[in-house]
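Chemist: Submitted below is the structure of interest, expressed as structure tokens.
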Amino acid sequence: MLNYIWAALLISAFVFAGVSDIGDLGRDTYRNGQPLPLVLEFPEGTAASGGRTPVRIQINAGVYQDFYATDESPAPSYDGVLLRTGEGMVLRFDAGAALPEPLETIRGVSRSNDDELQGTVEGFLSPVLGLGDDPTAAQATVQFEPVRFVKMTAIGAAALDFAETAAGIAIGLIGVLALFLGVMKIAEEAGIIYAIVRVVRPVLRPLFPEVPEDHPALGMIALNLTANVFGLGNAATPFGIKAMEELQKLNPSEDTATNPMVMLLAVNTASVQLVPPVLLLALLGLQINRLIFAIIITTGLSLLVAIVAARLYGKLPGSRASDPNRTGPFGEAPPQAGRDSRRGEG
Amino acid sequence: MELARELIGLFSAFVIPVILVGFPLYGLYKRVPVYETFVEGAKEGFGVAVRIIPYLVAILFAIGMFRASGAMDALIALLNPVLEPIGFPAEVLPMAIIRPLTGSGSAGLVADMVARYGEDSLFVKMAAVMFGSTETTFYVVAVYFGAVNIKRTRHAIPAGLTADIAAMLFAVWVVRLLFG
């Protein structure tokens, strides 16, 4: 299942990026190779100090909309500098300028080392109509670097970005994992897990009928769900992982999920919680007080759906066939002996 | 209602300290060498974190590419005509789609919606309830199954997504009922 979803994500990303890039080329969205007309004002005169002349850039909204065939309009003026370089004159917008599309996208390609939009000044047209013979302003045309395959570049960059993020997330988990796995080890040795198992057995047994009655997995699951209910996501993860490891000890297969594993996962994705996530609290402030009741109802209902779905889908022929605990065509169980002791440390 | 909230808040403040102090204390009473045992268990933390990296990378980079390509927007445009008739507003559809894929992305979306529709709007309430009542399904799959090297996930994703879809519909319905 995951194979298909994963492949679908990748293929649709590639196809969409390709189609939208080819569409951009066809419509010439970025007007590659055509200079954009604009007006430059020189608030401090035209004398350049060190090759840099501060300018105020004015882009006429009507001209802009005609030029790029867009509904967006630029701000009345942008600050920038005119640079005299070996190759001619370069107009550079100040960093952080709020640019309309497609200039914003063009900035991603035609930019200075500091991410400022820059383009080559093709020529000045003076005197400027409507500006009289005001020497402090001039009409100019600016050419940006050609923009091609924006989306293709973007999905490539996103892949690298997210790979880095993924490793960062995992590394960030080390501390919390170590803390809770350490405490869990004590709980195991001291017999606390078994005490918890006895308490929660009546509630959890119907959900996990395949797990033996006194198995520590039930205790880990209970701790995982408790942490979830109280909105302690950081603590819930190590408990959930530990629960999975316990369930894996019961799994005759190396790499195939068992029914209890799927149930644990479904119950976790439904995320039963009485305490709203900290992130939501940070975003909405006290408004959350009025929402908590709605969240509890919704999460309760979706938990029911999760349990029913995990159970029902497990009964489908496809899921039955792939069940590592299935009994063979003559009713014999697959060989299980000796696996439990082998798997302990994972 | 207010009292219940207070109590829940109080409990949640105590859960972690009670576990972190209570378990070793009880271990001491049971004559468990608590320090050595803790270190023994904590050693696994690094292994587990490293073990989930390939699974997380596989899932997150695919989702990142999917978002960056604009396919997400197309999916939203595609689903809109189906959902509009059943009273599912187009404004919260991005949230419903992004939530199972990325936690930080959907939090960003809530922030964006607060800015666009105002804190008090029905859309923000729906999005917030969606955020609060579901988990990042693909992340949970990657982390939990990754930790035990499970590659064939069987019906885990269909079950998780069914619960997610149900939660999204319930969120719209419950918010309409309570605030609409």
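Only the coordinates and a few stated rules stand behind these numbers; no lab work does. Keep in mind it's a predicted model, so treat the numbers as computed, not measured. Neighbour counts are summed over all protein chains in view; Cβ atoms, including those assigned to glycine, are modelled from backbone coordinates with ideal geometry.
Chemist: In nm, give the distance between the simple-model label positions of A:L312 and A:T85, each being 7 Å from the Cα along the Cα-to-Cβ direction.
Modeler: Each label point lies 7 Å from its Cα, and together they span 6.3 nm.
Chemist: Quick one: net charge around A:Q65, please, counting Lys, Arg +1 and Asp, Glu -1 for every other residue with C-beta under 12 Å from its C-beta. Can you show the working numbers first?
Modeler: Details: positive: none; negative: A:D66, A:D71, A:E72, A:E101.
With Lys, Arg at +1 and Asp, Glu at -1, the net is -4.
Chemist: Taking 0.36 nm per residue of sequence separation and subtracting the Cα-Cα distance, how much length would be gained by fully extending the chain between A:S112 and A:N234, in nm to one decimal?
Modeler: Details: separation 122, 0.36 × 122 = 43.92 nm, distance 4.13 nm.
That pair, A:S112 and A:N234, stretches by 39.8 nm at full extension.
Chemist: In terms of Cα to Cα distance under 17 Å, which lysines are near enough to A:K242, apart from those fewer than 8 places away along the same chain?
Modeler: By straight Cα distance, A:K242 reaches A:K185, B:K43.
Chemist: Considering only the other residues whose Cβ falls under 11 Å of the Cβ of A:N3, what net charge follows from Lys and Arg at +1 and Asp and Glu at -1? List each step's numbers first, then the result.
Modeler: Details: positive: B:K151, B:R152; negative: none.
Here the count lands on +2.
Chemist: Rule-of-thumb check for chain B: C-alpha Rg over 2.2 N^0.38 Å?
Modeler: Values: Rg = 20.8 Å, N = 180, 2.2 N^0.38 = 15.8 Å.
Taking the Cα Rg and dividing by 2.2 N^0.38 Å, one obtains 1.32.
Chemist: From the helices alone, meaning DSSP H stretches of at least four residues, give me the mean residue ellipticity at 222 nm for chain A, per-run term -39500 (n - 2.57), in deg cm²/dmol to the nearest 500.
Modeler: Values: 12 runs with 181 residues, N = 346.
It lands at -17000 deg cm²/dmol.
Chemist: Same structure, new question: Would you mind checking which residues have amide H under 5 Å from A:V142's amide H? H placed 1.01 Å from N; only 5 or more apart, or other chain.
Modeler: Under 5 Å from the amide H of A:V142 lie the amide H atoms of A:L36, A:L38, A:E122, each far enough along the sequence or on another chain.
Chemist: Restricted to Cα positions, what overall size does region A:107-245 have along the principal axes? Three whole-Å values, descending.
Modeler: 92, 28, 26
Chemist: Rounded, prolate or oblate for region B:52-121? Axes are the square roots of the Cα gyration tensor eigenvalues, ordered a ≥ b ≥ c, and the cut-off for rounded is a/c under 1.5. Walk me through the numbers before you get to the answer.
Modeler: Working: a/c = 2.52, a/b = 1.49, b/c = 1.68.
In terms of gyration-tensor shape, oblate.
Chemist: For A:M220, A:M1, which order do you get if you count the other beta carbons within 10 Å of each Cβ and list the fewest first? Walk me through the numbers on the way to the answer.
Modeler: Numbers: A:M220 27, A:M1 17.
Fewest-to-most ranking of A:M220, A:M1: A:M1, A:M220.
Chemist: How much net charge surrounds A:I174 when only other residues with a Cβ under 13 Å from its Cβ are counted (Lys, Arg +1; Asp, Glu -1)? If you can, show how the numbers build up before the last one.
Modeler: Numbers: positive: B:K43, B:R51; negative: B:E44.
So the surrounding residues net to +1.
Chemist: Less than 24 Å apart at the alpha-carbon level, and either on another chain or at least 8 residues along: which lysines does that give for A:K315?
Modeler: Partners found: A:K249, B:K151.
Chemist: While we're on this one: Taking only Cα atoms, what is the 0 to 90° angle, nearest 10, from helix A:288-314's long axis to the longest principal axis of chain A?
Modeler: Long axis of A:288-314 versus the principal axis of chain A: about 60 degrees.
Chemist: Let me ask something else. May I ask you to sort A:I221, A:I307, A:I186, A:I193 by Cβ crowding, counting other Cβ atoms within 10 Å and putting the fewest first? Mind showing how you got there, number by number?
Modeler: Numbers: A:I221 30, A:I307 18, A:I186 25, A:I193 22.
The order, fewest Cβ neighbours first, is A:I307, A:I193, A:I186, A:I221.
Chemist: If one takes the longest principal axis of the Cα atoms in chain A, at what angle in degrees, from 0 to 90 and to the nearest 10, does the Cα axis of helix A:233-249 lie?
Modeler: Orientation of helix A:233-249: about 50 degrees from the principal axis.
Chemist: Return the FRET efficiency for the residue pair B:D73, A:F124: r is the Cβ-Cβ distance, R0 is 30 Å, and the value is rounded to the nearest 0.05.
Modeler: Values: r = 41 Å, r/R0 = 1.36.
Here the calculated transfer efficiency is 0.15.
Chemist: For the protein assembly as shown, what size does the Cα cloud have along each of its three principal axes, sorted from largest down, in whole Å?
Modeler: Per principal axis, max minus min of the Cα coordinates gives 93, 51, 50 Å.
Chemist: For B:K30, list the aspartates and glutamates whose Cα falls under 17 Å from its own Cα; do not include residues on the same chain fewer than 8 positions away.
Modeler: Straight-line reach from B:K30, under 17 Å: A:E188, A:E189.
Chemist: Mind checking the angle between helix B:34-68 and chain B's longest principal axis? C-alpha axes, 0 to 90 degrees, to the nearest 10.
Modeler: The helix B:34-68 is inclined about 20 degrees to chain B.
Chemist: Sticking with this one: Using a ≥ b ≥ c from the Cα gyration tensor of region B:1-65 (square roots of the eigenvalues), is it rounded, prolate or oblate, where a/c under 1.5 gives rounded and otherwise the larger of a/b and b/c decides, a/b for prolate? Kindly include the intermediate steps, with their values, before the conclusion.
Modeler: Numbers: a/c = 6.34, a/b = 1.20, b/c = 5.29.
Verdict is oblate for region B:1-65.
Chemist: Report, as an integer, the average count of C-beta atoms from other chains found within 10 Å of each Cβ along B:8-14. Walk me through the intermediate numbers first.
Modeler: Numbers: counts 8, 4, 0, 5, 8, 2, 1.
Mean number of neighbouring Cβ atoms from other chains: 4.
Chemist: Give me the Kirkwood hydrodynamic radius of region A:175-246, using the inverse of the mean 1/r over all pairs of distinct Cα atoms, in Å to one decimal. Let's see the in-between values first.
Modeler: Values: mean 1/r = 0.0828 Å⁻¹.
One decimal place: 12.1 Å for the Kirkwood radius.
Chemist: Compute from the Cα atoms of region A:169-312 the Rg and the Dmax, the latter being the longest Cα-Cα distance, and quote both in angstrom.
Modeler: 15.9, 49
Chemist: For region A:60-127, just say rounded, prolate or oblate: build the C-alpha gyration tensor, square-root its eigenvalues into a ≥ b ≥ c, call rounded for a/c under 1.5, and beyond that prolate if a/b exceeds b/c, oblate if not.
Modeler: On the way: a/c = 1.88, a/b = 1.25, b/c = 1.50.
The shape class here is oblate.
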